[in-house]
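Undergrad: Below is a structure I'd like to ask you about.
The values are calculated or read from the model by the stated rules, or taken from the named source; none is laboratory data. Bear in mind that the values here come from a model prediction, so they are computed numbers and not experimental data. Backbone-built Cβ (ideal geometry, glycine too); neighbour counts: all protein chains shown. Just the protein is used for accessible areas: all its heavy atoms, side chains included, with ligands, DNA and RNA removed. Shrake-Rupley method; radii C 1.70, N 1.55, O 1.52, S 1.80 Å.
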Amino acid sequence: MSYDQNEEAMPQHGKQTLRARLVLKMNTLMFRFTFWYVLSLLTVILWIGLFIIGNVSHYFIADTKLELLAVEQKLKSTLQDEIHEDWNLTLNDLLYPEHVNYDVRIVDAAGNTMAQSRGWDDNISNEEIEVDLKWTDTIWWSWKGGLFFQDEVKWRQANGKWGTFYIHVHLNAIERLLKIIIKVLLFTAIISGTLGTFLIYHITRRNLSPLFSITNAVRRMRNLPNLNQRIPIPVTPIELTNLARTINQLLDEHKGLLEREMHFITNASHELRTPLTAFRGHVNLIKRWGNQNPVVLNQSIQALDQESQRMQRLIIQLLAVARNANISIKKDKVDLTSLLEEVLRQLWKQEYQISLQVHYDQPIYVIGDREQLRQVAVILIENAIRYTNPYGRIDICVTQSPQHVCFSVADTGIGIPQAEQSKIFDRFYRVDKARSRVTGGTGLGLSIARQLVNNHNGTITVESELGRGSTFTVCFPSPV
């Protein structure tokens with residue numbers, strides 16, 4: 001690009017930047033409030049001015065018409081009752097000095113001018129422009145005479161024929177008054193528009209200062225991320241107060257979500273690292289002693305199999321956590337008793353040496369997703385089996401009321417300490433980590449169960465006593 005082209009491009013770029021800034025300014029609340037205020041003010045002044053001008057004009061024109069009728073009657077009576085040698089002299093005697101704003105021309109039946117007042121030629125020309133006003137008669141405009149009112153009257157001549165006299169009434173007083181009113185309104189519009197623009201701009205800026213504070217706080221939070229920083233809450237106006245509170249609530253939820261996700265990632269990494277470490281240990285053991293010692297080889301293979309199964313369960317449950325967060329819920333009519341029987345047939349084995357008691361004798365229905373409800377039952381019954389010692393007992397009960405349908409899984413297992421009961425639904429939380437590792441628990445089951453129950457607008461609660469067992473109760477809204 002040449003130097004001349006650069007010189008031409010720079011002003012063009014400056015124009016585009018100025019145009020962009022102007023458009024940005026026009027899209028601000030400050031500009032819009034100021035613009036609509038000035039526009040509304042000018043509109044009000046315009047309507048007030050039209051109202052004043054209309055009423056003043058109507059009053060003066062009505063008064064002029066009354067005076068015109070009196071002059072017309074005087075002219076008719078004078079022209080019809082007497083024979084005049086000098087019509088111009090007679091006409092001027094009738095009009096002056098009381099009616100100097102009247103111009104009259106008398107025409108006979110043949111259209112010849114018999115007389116005309118002395119101001120006719122000076123004020124009236126053939127360049128009149130008719131202006132039709134609906135609230136008065138025809139008004140004319142002459143470049144010489146200005147604004148005037150016109151009328152024509154028939155009169156009977158001495159020879160019996162009908163002549164016409166034309167009357168033009170100059171409205172100079174009205175015209176001067178209207179000009180004064182227009183000047184006053186224009187001056188008022190300019191002064192009030194200027195002062196109003198200045199005042200409304202500063203008033204709007206002051207009223208929007210809480211909004212600017214919120215915007216600046218959000219901008220600072222974006223530049224310097226801090227999960228503990230919050231938006232200042234203004235006292236007034238109430239709309240901005242509610243906006244700031246809503247944003248702070250959103251930030252609190254966002255912080256909690258991020259903390260839970262970080263906790264989840266940390267725990268998931270730890271849980272995956274543990275079986276991988278065991279994998280590496282047993283692989284190294286096999287490398288060193290597997291060929292010489294068959295017992296070590298068999299033990300390591302069994303340990304690898306157990307760790308791989310545990311890792312598989314962990315990965316499946318991690319996928320379930322991610323999937324259940326966005327899964328859609330089917331609204332089907334599900335037989336809860338039949339679903340529980342199906343889960344028991346799948347999970348129950350005689351070698352458990354645990355007594356099982358089932359308390360329901362008729363079909364009981366709920367509205368929901370059968371697969372998700374089945375997953376909740378599997379988690380609770382598996383936990384009961386896992387944490388119940390041999391010769392213990394598990395009771396499964398289904399009840400129905402007008403408001404809720406509930407099922408409970410009670411066991412005589414190891415129980416949960418009172419201080420731990422509020423934490424068992426958290427991800428990766430386990431009361432007895434050593435026992436969970438032996439039994440294959442991952443600490444995700446109850447968290448998944450609570451999420452699925454919440455998806456169905458239900459509740460899940462626990463009652464437990466250490467050393468005596470636990471009872472988990474799940475309730476859903478009763479079908480209508």
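Undergrad: Express in % the proportion of alpha carbon pairs of segment 29-115 at distances exceeding 19 Å.
TA: When every Cα pair of segment 29-115 is considered, 61 percent fall beyond 19 Å.
Undergrad: Let me ask another. If amide hydrogens are placed 1.01 Å from N in the peptide plane, which non-local residues have theirs closer than 5 Å to the one on ILE364?
TA: Long-range HN contacts for ILE364: LEU336, THR337, SER338.
Undergrad: Taking the Cα centre of segment 343-433 as origin and charging only Cβ (+1 Lys, Arg; -1 Asp, Glu), how large is the dipole, in debye to the nearest 20?
TA: So the magnitude is around 200 debye.
Undergrad: Which far-off residues, 5 or more places away or on another chain, put their amide H under 5 Å from the one on TRP155, with H placed in the peptide plane?
TA: GLY163, THR164, PHE165
Undergrad: P(r) for segment 344-387, please, calculated from all Cα pair distances in 5 Å bins and given in %.
TA: Over segment 344-387, the share of Cα pairs per 5 Å bin runs 5, 15, 25, 25, 19, 8, 3 percent.
Undergrad: Also, I was wondering about something else. How much of LEU66 can a 1.4 Å solvent probe reach, expressed as accessible area in Å² and rounded to 10?
TA: It works out to around 120 Å².
Undergrad: Using a 1.4 Å probe on the protein heavy atoms only, what accessible surface does LYS331 show? Give it in Å² to the nearest 10.
TA: 130 Å²
Undergrad: Using only Cα atoms, what is the ratio of the radius of gyration of segment 161-206 to 2.2 N^0.38 Å?
TA: 2.39
Undergrad: Using the alpha carbons of segment 168-247, what is the convex hull volume per residue in cubic angstrom, as a whole number?
TA: It is 137 Å³ per residue.
Undergrad: Still on this structure: What ³J(HN,Hα) values, in whole Hz, does the Karplus curve 6.51 cos²θ - 1.76 cosθ + 1.60 give for segment 393-402 when θ = phi - 60°, with x put for Gly and Pro?
TA: 9, 10, 10, 10, 10, 10, 10, 9, 10, x
Undergrad: Still on this structure, I have one more. Return the inverse of the average 1/r over all pairs of distinct C-alpha atoms in segment 357-430, which is the Kirkwood hydrodynamic radius, in Å to one decimal.
TA: Taking the inverse mean of 1/r over all distinct Cα pairs, segment 357-430 comes out at 14.3 Å.
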